[in-house]
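The values are calculated or read from the model by the stated rules, or taken from the named source; none is laboratory data. The model shown is predicted, which means the values in this text are computed figures rather than measured ones. Positions of Cβ are backbone-derived with ideal geometry, glycine not excepted, and every protein chain shown enters the neighbour counts.
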Amino acid sequence: MTPVSSKKTPFTFDSIEPESGLKAALGKSRADIIAEISASNLRGRGGAGFPTGTKWNLAAAAKVPPGGRKFVVCNADEGEPGTFKDRVILTEYADLVFEGMTIAGLAIGAADGILYLRGEYLYLRPHLEGVLARRRAANLLGKNVAGRDGFDFDIRIQMGSGAYVCGEETALIESLEGNRGEPRNRPPFPVDTGFDGQPTVVNNVETLAWVACILARSGQWFKSAGTAKSAGFKLFSVSGDCTAPGVYEFPLGVTVQELLDKVGGSGAKAVQIGGASGHCIPASEFSRRIAFEDIATGGSIIVFGPGRDMLTVAKNFMEFFVEESCGQCTPCRAGNARLLEGIEMLERGECSMAYLRELLGLCETMQVASKCGLGQSSPNAFMSILKHFRDEIMGRTAVAH
Amino acid sequence: MSAEIRQDVVGDTSRAPVSQIPKLGKKATGEAAGYIGGQVSATIDGHELKVPLGTTILEAAKSMGIRIPTLCHHPDLCVAGVCRVCVVEVEGQRTLQAACAYPITAPIKVYTHTQKVRRARRHVVDLLLSEHYGECYTCVRNNNCELQSLAKEFGVDFFRFGHVTEPRFEIDSSSYSVIRDPNKCVLCRRCVRTCIDVQEVGALEASGRSIGTRISTYLDKPLGEVVCINCGQCINRCPTGALHAKDASDDVWRAIEDPTKHVVIQTAPSPRAGIGECFGLPPGVPMTFQMNTALRLAGFDKVFDTNFSADLTIIEEGTELLLRLYKALVAKEPVAFPQFTSCSPGWVKFLEHFYPEYIPNLSSAKSPQQMFGAVIKTYYAQKTGIDPKDIVTVALMPCSAKKFECNRPEMDASGFKDVDYGLTTRELAQMIKEAGIHLPDMPKSDFDDPFGTRTGSGVIFGAMGGVMEAALRTVLELVTGKKVENLFENANIVPVRGFDGVRYVELPVTEVSPTVEPLIAHLVPNWDFLKGVTLKLAVAHGTANAKKVLEDIKAGGPFSKCHFIEFMACPGGCLGGGGQPIPTSPEIRAARAKAIYDEDAASEVRKSHENPAVVELYREFLTDGPCGHVSHRLLHTHYTPRGKYID
């Protein structure tokens, strides 16, 4: 099967000479590699936006218990609704990702890389195994990688099984260990106590691809794009009510309106940025910037045209979370279910204003009291839709009180 | 003779993810540079103190006298951090943090009851109630329920997010011992952590996800059909009524009220050390003699002390051990060593499931409960002239597994079901309350004859190492001809006592008695074969520790060289049993142990072979002696290799 590319713009990746990032890294000390990443201001492309250089520094400094070893994990459990840019990267730029993982291994002192691949991407596995085999044959993986004495690094692929929560890094690690995919308590963080209790760096597919680019060019080059707090380029998965859905590259800081104009979604009523766990932005706020300091995202952009019923949109997202909560902690397990029931009450016109206020209060509790990012972000869509489209929602049926 | 203690390293039994085990003070070196002595400053609600690096917020607050409410937290278990009741505000953090799961590794400022915190906790309890079915006053845990307490503490006066009005799940009452009511489950997973980490049984695990999350057995099979060992440790740690023991008290009341039935009760050592807790007393206040009075008032015809059959067990099991040693050392016959104790039915079923190949190592002696049942329906029936079919034997046990044990099909040596009903400490407390009795107010009275002699050796069966100590008191005296008091101060064999998961003790036999006690003279000609032998003994409690010992034996490690090993399914031994009052904690178990050892120290007879009722039984009834024909028929049993694979 030859996947059809959904690339809509040229990617910066195309301009990077293969393996030039790894070559540059091999000529540097571990500290210098991390310094280059830190200088680039690269922040995690999975959505949380943690500074990659800081993460690597912590893992590099972490003490390994006797007999232990460090790990580099690539989070390819791309599960956020509306996100498919990692699929494109893995299909067309797998070498860049593996190059990034190898650089990470070199930087933190790990010999083992694991690609945690989303269960639904099983069809990509033969292709990825082929790339790995080719890299091993070219000594880009294995013993003394690319001739660097003492640097051994190899990568294996482990499949996920379709749980959204396994995109959360500690749940991912639990899953890697063969346990139920449930988030751990943090601290300790994976950089200290990760896979098998060992220091582990977990990076998103796109983050690792940018790592290779940054080493190939420079931290300064990367930082020159984007905004002061959100350096570099970002891939966006665009779907919904627009004429040209697909994967786009923009520098961070792009406004919602600029993006919509590019994708043929100019007349949109609202845009969901960041997937189900993200925020719903109404047309009045389309001048806002997509950047960590304004609207952060892992890259999912869902466009809602003028005809969309926003309560149905909210219901769709809440159904997703009621399906995908791991069920471990109370606020997320029971909270999402109560929010969905609330939406159903709104649909029937049976939700009083008083109860709606209770539910919005519950949303705030879920945001601060849930154990992991899933429950902490699952009320976002409900809250932002009820904030911006309250008149539409309350007007669609008679309100009980 | 000297006792050398070589204490084993077994400590951490948790299979919990490494990240969930609080690393208390472990980081005090190396990375902790800058923190002198591994101490770190914690400011909680404005009060500052220094705590060891890695202390959780919950522990730090507790040490300052600040109470943070909890639900999924339990002092015996690894951290879960799932209920979110204990959330607190940490300065500089956007989200609230679970106090039970947050290790303090840097100076920290914590606020435990801000508006944000109080609202979140209240919401969490509201959400738990929105998933919880059950009316408190029809619940076995009414007035002893952590969810109920939290609701009261947070002033819950309405169901903010609704509540469940109809049961959604079937109650699983397939087990003789443990009943599961998923309608009342709050998914704190204390049972799962107990079953997996404390017991390494793994009969319970979470399945499904989100609102479909359930505590489940393998393939959702009935509990009675899976590898559950009936230890009931999950019951002791369940915060609600989702897990409870199968209550026999209605059947017992019926027997008491039936004028044709002669109802006798035997009471094990541990319930008397715990039952006071059900009446508001602090742990560790023994209620032995008040309980005797209460039981008679409640209507039992005779009240006997299980210590009698505990002593009987020692004679039978001790003789079996000496015979195994004789066979191995003199007759050079192949004998299974080490010999394992068999009085803990949870342990026995654990072995049958997970290590059936070691069944030959289990002592064939029945447990004290079952020996007593068989003796009552034979010897006692004869002696009193009561038809055994009219005798109902009830056993008061600290144990839920005893309910399974008395229902084992092979336990009918008397021609009848040897023990008709097993009652837990909790069930008896309920019966006593139903009878309108406030136990602590009862006058004291003694046990009934002929099985009423209180012996210290029997009573210490309730504590970890107690069976071993009782066996040693008898075996050492028989073999050396010397009083145990001359070997150990006050006959307290302290090396085998304590709460460590596993103990290993070596006892060199330097001299032997020139004569053999008449009771067993027909079995062993003399003791010369034991001279110079170093007895290697071990004690393990909690089946996770048992597993460690068995794996060591499998691998040919030091425990494979042992002669005798005491195994108890429950942490702390019987005093921490699954039928004991709720809650349980290391402190509560220690207090109960003290009550038990105090009773031992105050007993006139402290050695099984000196129990006059036991001596008389062998003289009058078991005339061919310990491990003889009659005793084999009545007092010994066989086991069932069950395996761990379920169809």
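Scan the range A:343-358 and tell me whether some residue there is part of a helix (DSSP H, G or I), touching a Leu at 6+ places or on another chain (Cβ under 8 Å) and under 18 Å from residue B:131 (Cβ atoms). No: the range A:343-358 contains no residue that is part of a helix (DSSP H, G or I), touching a Leu at 6+ places or on another chain (Cβ under 8 Å) and under 18 Å from residue B:131 (Cβ atoms).
Quick check on the range B:141-149. Is at least one of its residues of a type in the set (Lys, Arg), surrounded by 14 or more Cβ atoms within 10 Å (Cβ to Cβ) and modelled with pLDDT of 95 or more? Break it down into steps so the answer makes sense when it comes.
Step one: filter the range B:141-149 for residues of a type in the set (Lys, Arg), giving B:141.
Applying the additional criterion that residues be surrounded by 14 or more Cβ atoms within 10 Å (Cβ to Cβ) yields B:141.
Subset that is modelled with pLDDT of 95 or more: B:141.
Yes.
Scanning the range B:214-241 for residues being crowded, with 21+ Cβ neighbours inside 10 Å and either over 22 Å from residue B:647 (Cα atoms) or among the charged types (D, E, K, R) (or both) gives a total of 11. In the range B:192-223, what residues are within 14 Å of another protein chain (Cβ to nearest Cβ) and β-branched (Val, Ile, Thr)? Of everything in the range B:192-223, those that are within 14 Å of another protein chain (Cβ to nearest Cβ) and β-branched (Val, Ile, Thr) turn out to be B:192, B:196, B:211, B:213, B:215.
Going by the structure shown, is residue A:222 of a type in the set (Phe, Trp, Tyr), closer than 28 Å to residue A:91 by Cα and within 14 Å of chain B (Cβ to nearest Cβ)? Steps first, please.
Details: of a type in the set (Phe, Trp, Tyr): yes; closer than 28 Å to residue A:91 by Cα: yes; within 14 Å of chain B (Cβ to nearest Cβ): no.
Against the criterion (of a type in the set (Phe, Trp, Tyr), closer than 28 Å to residue A:91 by Cα and within 14 Å of chain B (Cβ to nearest Cβ)), residue A:222 does not qualify.
If you check A:268, A:244 for being in a loop (DSSP other than H, G, I, E, B) and farther than 15 Å from residue A:286 by Cβ, only one passes: A:244.
For the range A:329-339, the count of residues that are within 24 Å of the chain's Cα centre (by Cα), surrounded by 16 or more Cβ atoms within 10 Å (Cβ to Cβ), assigned to a loop (DSSP other than H, G, I, E, B) and within 11 Å of chain B (Cβ to nearest Cβ) is at least one.
Could you please give the count of residues in the range B:257-272 that are assigned to a helix (DSSP H, G or I) and farther than 20 Å from residue B:451 by Cα? Count: 1.
For the range A:131-224, please list each of the helices (runs of 4 or more DSSP H) lying entirely inside it that holds at least 3 residues being crowded, with 20+ Cβ neighbours inside 10 Å and either touching a strand residue (DSSP E or B) at 6+ places or on another chain (Cβ under 7 Å) or not assigned by TED's automatic domain parsing to the domain that holds residue A:75 (or both). I'd like the intermediate steps shown before the answer.
Numbers: elements: A:169-176, A:205-216, A:219-223.
Once the helices (runs of 4 or more DSSP H) in the range A:131-224 are filtered for at least 3 residues that are crowded, with 20+ Cβ neighbours inside 10 Å and either touching a strand residue (DSSP E or B) at 6+ places or on another chain (Cβ under 7 Å) or not assigned by TED's automatic domain parsing to the domain that holds residue A:75 (or both), what remains is A:169-176, A:205-216.
Residues of the range A:206-233 being out of contact with any helix residue (DSSP H, G or I) (no Cβ under 8 Å at 6 or more places or on another chain) and not hydroxyl-bearing (Ser, Thr, Tyr), which ones? Residues satisfying the conditions are A:217, A:225, A:226, A:228, A:229.
The number of residues in the range A:282-338 that are closer than 23 Å to residue A:162 by Cα, of a type in the set (S, T, N, Q) and either in the same structural domain as residue A:244 (by TED's automatic domain parsing) or touching a Pro at 6+ places or on another chain (Cβ under 9 Å) (or both) comes to 5. From the list A:77, A:32, the lone residue that is out of contact with any helix residue (DSSP H, G or I) (no Cβ under 7 Å at 6 or more places or on another chain) and either closer than 16 Å to residue A:209 by Cβ or of a type in the set (D, E, K, R) (or both) is A:32.
Here is a yes/no grid of residues against (1) touching a Leu at 6+ places or on another chain (Cβ under 6 Å); (2) more than 14 Å from chain A (Cβ to nearest Cβ); (3) part of a helix (DSSP H, G or I); (4) among the polar types (S, T, N, Q):
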position	(1), (2), (3), (4)
B:240	yes, no, no, yes
B:250	no, yes, yes, no
B:291	no, yes, yes, no
B:294	yes, yes, yes, no
B:308	no, yes, yes, no
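Only residues that are under 23 Å from the mean Cα position of the chain (by Cα) and assigned to a loop (DSSP other than H, G, I, E, B) were counted in the range A:1-56, giving 18.
Please specify each residue of the range B:79-99 satisfying the condition of being in a loop (DSSP other than H, G, I, E, B) and either more than 9 Å from every other protein chain (Cβ to nearest Cβ) or over 34 Å from the mean Cα position of the chain (by Cα) (or both).
First, pick out the residues of the range B:79-99 that are in a loop (DSSP other than H, G, I, E, B): B:79-86, B:91-96, B:99.
Correct list: B:86, B:91, B:92, B:93, B:94, B:95, B:96, B:99.
Looking only at the range A:28-49, residues that are surrounded by fewer than 19 Cβ atoms within 10 Å (Cβ to Cβ) and at pLDDT 95 or above come to 8 in all.
Among the residues of the range A:196-209, those identified as within 11 Å of another protein chain (Cβ to nearest Cβ) and more than 24 Å from residue A:87 (Cα to Cα) are A:196, A:197, A:198.
In the set (1) more than 11 Å from every other protein chain (Cβ to nearest Cβ); (2) within 23 Å of residue A:322 (Cβ to Cβ), residue A:181 fails one condition alone, (1).
Answer yes or no: is there a residue in the range B:281-294 that is small (Gly, Ala, Ser) and under 21 Å from the mean Cα position of the chain (by Cα). There is at least one residue in the range B:281-294 that is small (Gly, Ala, Ser) and under 21 Å from the mean Cα position of the chain (by Cα). Residue A:147 fulfils the conditions (1) modelled with pLDDT of 95 or more; (2) away from chain B (no Cβ under 14 Å) except for a single criterion, (1). Is at least one residue of the range A:381-388 surrounded by 21 or more Cβ atoms within 10 Å (Cβ to Cβ), at pLDDT 95 or above and not in a helix (DSSP H, G or I)? Within the range A:381-388, none of the residues are surrounded by 21 or more Cβ atoms within 10 Å (Cβ to Cβ), at pLDDT 95 or above and not in a helix (DSSP H, G or I). Scanning the range A:293-328 for residues that are in a loop (DSSP other than H, G, I, E, B), touching a Leu at 6+ places or on another chain (Cβ under 9 Å) and either at negative phi or within 14 Å of chain B (Cβ to nearest Cβ) (or both) turns up A:325, A:326, A:327, A:328. For the range A:260-296: of the residues being out of contact with any His (no Cβ under 9 Å at 6 or more places or on another chain) and among the hydroxyl-bearing types (Ser, Thr, Tyr), which is surrounded by the most Cβ atoms within 10 Å (Cβ to Cβ)? My answer is A:277.
Have a look at B:259, B:282 and point out the one that is free of Cβ contacts under 8 Å to residues at least 40 places away in the same chain and more than 20 Å from residue B:372 (Cβ to Cβ). On inspection, the qualifying residue turns out to be B:259.
Among residues of the range B:105-148 being over 26 Å from residue A:338 (Cα atoms) and of a type in the set (Phe, Trp, Tyr), the one that is nearest to the other protein chains (Cβ to nearest Cβ) is B:111.
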